[in-house]
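See below for the structure under consideration.
Coordinate-derived values only; no laboratory data. These numbers come from a predicted model, not from an experiment. We place every Cβ from the backbone using ideal geometry, glycine too, and count neighbours over all the protein chains shown.
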Amino acid sequence: MGENDTCLFRAEKICKSFGAVHALSDFDITIRAGEIRGLVGENGSGKSTFSSIVAGIQNCDSGKMYLEGKEYVPSGTMDAVNRGVSMVVQEQGTISRISVAANIFFGKETMFSRYGVLNVGKMNAEAAKALHAIGVDTIQSDRMIDQLTFEDRKLVELARALYTSPKIWIIDETTTALTVAGRELLYKLMQRVKDGGGAILFISHDIDEIMDKCDSLTVLRDGILTANLEKKEFQADKIRQLMIGRELSGHYYREDTEEALNPEVVLEARDVSAGVLSDISLQLHRGEILGVGGLSDCGMHTLGKVLFGLVKPEEGSVLTAGGEKVRSSSWAVDHGLGYVSKNRDQESMMMICSIKDNICLPSLKNIASRGLISGKKQRALADTWSKKMEVKANSIDTFCNTLSGGNKQKVVLAKWMGKGSDILILDCPTRGIDVGTKAAIYQLIEKLKNEGKSILLISEELQELIGMSDRIILLKDGRVSGEFLRKEELTEAKLIQKMI
């Protein structure tokens, strides 16, 4: 059977610009029935822009799309869903202050209404069926969505996306928000859609994941189609080179091997218990990159918040170099600590504020005189660090909700660079980041270490921990389960033994 016989979706010469920035230029793609087509490219390459056009979130400037041979011009997201196109995004895609069921059936309330009265019980029962249909029985459909964890909200999004049995299912960087179990569930659901004759457009920065799960691959670079590859043509180095237009220069991770730790301790947890964490003790030394890893629910993300003063220990204490207790996050900022959350858009950025506002936020006390903030100093600080971090934007007045994931992360890091923080707690700093930006962040972390800064690197990527850390502490069920020094013979297998 030829490709034309199985074509489910086709886009031709799609163009989209934002001011002077060409997000997409004459982009073509064909998606066949029963295939998982990967879409890769660096942050800012146009992947999310294209997927949002297909999902009806925004319109293209020119070009045409066809679904099952008929011209496809969605008037909005609900129209796209009704025509068989569903999307799950990387960041939060649920609506706060309403129930799980209301999220699943948002825009479809008339299914449960009679004479203008909503039958909430009927909607809750149908939502429970929708969750059960994807293998989730642990989430109550009548709960408020705000009571759920970030991952459970993602599972609600999956139930919503699959309720309508989509012909095209767009998955935009969703796996980075899921635990191992959540990812396995997502992969099963992808296979279900594929087996049912639908198709998946799968966006991911994880090259290994792309090579394992996808049948074909489209590569975007700077809004332009670079290559279409079939499964038999997949090679990791080839894909990376197509994405960034060059071979990665220099080394990816650190090249140095084990070195002696500076004896000076700059941050210490003593017998800390908080939530899932139980009796945690650790020390971060000056000029050290201390890696913290484990399975997603081991407590490592809570640990980052405890160390920064966002979560108060139920027992034990967190101390800085002078033996002072970390009292709160604002106290931590004033005493040289910086924190990058795993959930960047919700916890590390002011999305509807400018690059300038975000970069300057921790430094407002430093650039104020007699209680008045100097606009000139604000612009100088933001301009300096946005350039040093190579943030791609028209100006420092650009709102952060318009930036790509990689550029958002550069802004988050820039605010702590501008503040001059000596201790950085980085929780999954390369999550959802393309390979080129990852390399730049690794080089920045190594540079900060060499300047004597101390970094606590929390990561779900074992190779990242091995490649970047001086020491690695592993957590299991909220307790320290292992500690490893930087050695050439350290392998992922050795770490996994202490995690599971």
Here the FRET efficiency for ILE373 versus GLN497, based on Cβ atoms and R0 = 56 Å and rounded to 0.05, is 0.60
The answer for GluC sites (Glu not before Pro) in segment 397-499 that fall in a DSSP coil and have at most 15 neighbouring Cβ atoms within 10 Å is GLU451, GLU488, GLU489
quick note, the chain, DSSP beta bridge pairs, % antiparallel (nearest 5) is 55
Between the modelled labels at ILE224 and SER481 (7 Å from Cα along Cα→Cβ) the distance in nm is 4.8
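R0 = 25 Å: FRET efficiency of SER395 with CYS15, Cβ-based, nearest 0.05?
On the way: r = 23 Å, r/R0 = 0.92.
Once the sixth-power term is evaluated, E becomes 0.60.
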Given (i) 25.6; (ii) 24.3; (iii) 23.1 as possible values of mean projected area of the Cα convex hull in nm², the one from the coordinates is (i)
Distance in nm between LYS387 and GLN463 label points, each 7 Å along Cα→Cβ, equals 3.6
Mean separation of Cα contacts under 8 Å (at least 6 apart) over the residue count of the chain, i.e. the relative contact order in percent, is 16
Per DSSP, the loop-located trypsin sites (Lys or Arg not before Pro) within segment 399-500 having at most 13 other beta carbons within 10 Å are LYS487
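When a footprinting reagent is the concern and you count Cβ atoms within 10 Å, what order do ILE57, ILE31 take, fewest first? All intermediate terms of the calculation are to be shown ahead of the outcome.
Numbers: ILE57 16, ILE31 25.
The order, fewest Cβ neighbours first, is ILE57, ILE31.
Multiply the residue gap between ALA181 and LYS447 by 0.36 nm, knock off their C-alpha separation, and tell me the result in nm, one decimal place. Before the final figure, lay out each step's value.
On the way: separation 266, 0.36 × 266 = 95.76 nm, distance 3.54 nm.
That pair, ALA181 and LYS447, stretches by 92.2 nm at full extension.
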Helix 150-163 sits off the longest principal axis of the Cα atoms of the chain, rounded to the nearest 10 on a 0 to 90 degree scale, by 10
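With the cut-off at 1.5 for a/c, could you classify segment 281-327 from its C-alpha gyration tensor as rounded, prolate or oblate? Mind dumping the intermediate values first?
Values: a/c = 2.35, a/b = 1.19, b/c = 1.98.
Oblate, because a/c is 1.5 or more while a/b does not exceed b/c.
Going by a ≥ b ≥ c, the root eigenvalues of the Cα gyration tensor, does segment 440-500 fall in the rounded group (a/c under 1.5), the prolate group (a/b larger than b/c) or the oblate group?
Working: a/c = 2.16, a/b = 1.76, b/c = 1.23.
Since a/c reaches 1.5 and a/b is larger than b/c, the shape of segment 440-500 is classed as prolate.
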Simple spin-label estimate for MET350/LYS64, 7 Å along Cα→Cβ, in nm, reads 4.7
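With +1 assigned to the C-beta of every Lys and Arg and -1 to the C-beta of every Asp and Glu, and no other charges, what is the dipole magnitude of the chain about the Cα centre in debye, to the nearest 20?
Working: 64 positive and 68 negative charges, 289 e Å.
Magnitude of the dipole: close to 1400 debye.
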With DSSP loop assignment and no more than 13 other C-beta atoms within 10 Å, the trypsin sites (Lys or Arg not before Pro) in segment 65-152 are ARG97
Summing -39500 (n - 2.57) over every DSSP H run of at least 4 residues in the chain and dividing by its residue count gives a helix-only mean residue ellipticity at 222 nm, to the nearest 500 deg cm²/dmol, of -9500 deg cm²/dmol
Nearest 10, in degrees from 0 to 90: the angle of helix 435-450 to the longest Cα principal axis of the chain is 10
Residue separation between ASN262 and ASP79 times 0.36 nm, minus their alpha-carbon distance, gives in nm 59.9 nm
